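Student: Have a look at the structure that comes next, please.
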Amino acid sequence: GPVICVVGARPNFMKMAPILRAFAAHSPAIPVVLVHTGQHYDRSMNDRLFEDLKLPHPDINLGVGSGSHTVQTAEVMRRFEPVLDDYRPSCVLVVGDVNSTLACSLVAVKKEIPVVHVEAGLRSYDRRMPEEINRVLTDQMADRLYTTERSAQVNLEAEGIDAARVCFVGNVMIDSLLHNRAMARPVAQTLAEAGIAADWLAPGSAYGVITLHRPSNVDQPETLQPLLATLARIAEHLPLIFAMHPRTRANIERFGLQELLPAARIAVLPPQGYLEMLGLMDGARLVLTDSGGLQEETTALGVPCLTLRENTERPITVEQGSNSLVGIVPASIEQAAQAVLAGAGKSGRMPELWDGQAAERIAADLYAWLSAAAATP
Ligand code: UD1
């Protein structure tokens, strides 16, 4: 049967695009059914990324939408099960750590269909993070695990996962970045499209980029308020472009914190397309974020990244890349930003196997693995 490839939320799309290309280019081609759970559905969170990444239209959209974690996960499971009955796939391939990743893995494993996890073994060791639960459980269910950095293999072994199931292939997200970098949208164009006046940023001047969406950072006013105030103080020295996740926008409005963001120094944009985001990051003096993906993308671009979290599941971005963990204490964030502006920003180097060929390695390995399984009586 085909490989069922699952996407659900924004950070899945840039990981799946190179995998689908590599499966089609493999000789012989690896047949695929693309399933979208519908976890993300907005034009800005979904459609624009599909267009930018030239992802094919999903064969099936489960249309689950938003809900509590339980409702969302359960709804994906309920709707995914009949898809497996219809297609009888050789395996289900999931990427990353979103609720859709966990839900589809759980359905597959209950039906004794092999689960393949791309971006396995990353651990923040923070169990309050919903993605950490998704990562640990998905890896426990997976039959084949592809990793992006060597620390992941160590994490998996510590959890009793047989090293023979694990394959270090590099980073498919960086495959996408390298493939699309030349097509990145110029910053001026992105600002203009968002309705920001042309004189907000003089051509060639330095700017920073912000993204913020982790529930632990944006769901409580006691945390969000000081974070925004800190960003506003940094913005006095460096104009900041804030690509705002819908969760963050909703909370800023709910808590009445809009006036903390001075429009003259902080340009608030809706969630951006892939090529826009790439252009914004590539030209930035500094990125401030709590995203997982941006830690890796800034490392690949050599742009200093300040991660507003206490931990990271992607330690290589700190050890070798341009990432620094600065936490959420205002004074530490401000100090770190000042240091970057004073010229002390990390540029780092490209981690091992982040070379644009990770998806090809997955295609080659998976084909061999599926062939061997088919040959076993
Ligand atoms: C999810 C992932 C997170 C990832 C993030 C990227 C999980 C547990 N979390 O978080 O790892 O970094 O995506 O965006 O899966 N919403 C919209 N439009 C959409 C989708 C969501 O407005 O298209 C709003 C809704 O109000 C929704 C909220 O965002 O309730 C949260 O969406 P959800 O899919 O639950 O998680 P994210 O916070 O986006």
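Student: Are any residues in segment 312-329 part of a loop (DSSP other than H, G, I, E, B) and of a type outside the set (Asp, Glu), and if so, which ones?
Tutor: Scanning segment 312-329 gives THR312, ARG314, PRO315, GLN320, GLY321, SER322, VAL326, GLY327, ILE328, VAL329.
Student: Going by what's in this entry, would ARG254 be described as surrounded by fewer than 15 Cβ atoms within 10 Å (Cβ to Cβ) and of a type in the set (Lys, Arg)?
Tutor: Spelling it out, ARG254 is indeed surrounded by fewer than 15 Cβ atoms within 10 Å (Cβ to Cβ) and of a type in the set (Lys, Arg).
Student: Okay, next question. For segment 272-311, which residues satisfy the criterion of being assigned to a loop (DSSP other than H, G, I, E, B), of a type outside the set (Gly, Ala, Ser) and within 13 Å of the chain's Cα centre (by Cα)?
Tutor: Passing the criteria: only ASP290.
Student: Can you name the residue in segment 295-313 that is of a type outside the set (Ser, Thr, Tyr) and farther than 16 Å from GLY327 by Cα and is also surrounded by the fewest Cβ atoms within 10 Å (Cβ to Cβ) among such residues?
Tutor: My answer is GLY302.
Student: A further question on this structure: Can you find, within segment 320-335, the residue that is farthest from ASP126 (Cα to Cα) among those that are free of Cβ contacts under 8 Å to residues at least 40 places away in the same chain and out of contact with any Gly (no Cβ under 9 Å at 6 or more places or on another chain)?
Tutor: GLN335
Student: Follow-up question, since we're still on this one. Answer yes if at least one residue in segment 25-41 is within 12 Å of the ligand (Cβ to nearest atom), among the hydrophobic types (A, V, I, L, M, F, W, C), assigned to a loop (DSSP other than H, G, I, E, B) and buried (at least 21 other Cβ atoms within 10 Å of the Cβ), and no otherwise.
Tutor: no
Bear in mind these aren't lab numbers, they're just calculated from the coordinates by the rules spelled out. Everything numeric in this text was worked out from a predicted model, so none of it was measured. Positions of Cβ are generated from backbone atoms using ideal geometry, with glycine treated the same way; all protein chains shown enter the neighbour counts.
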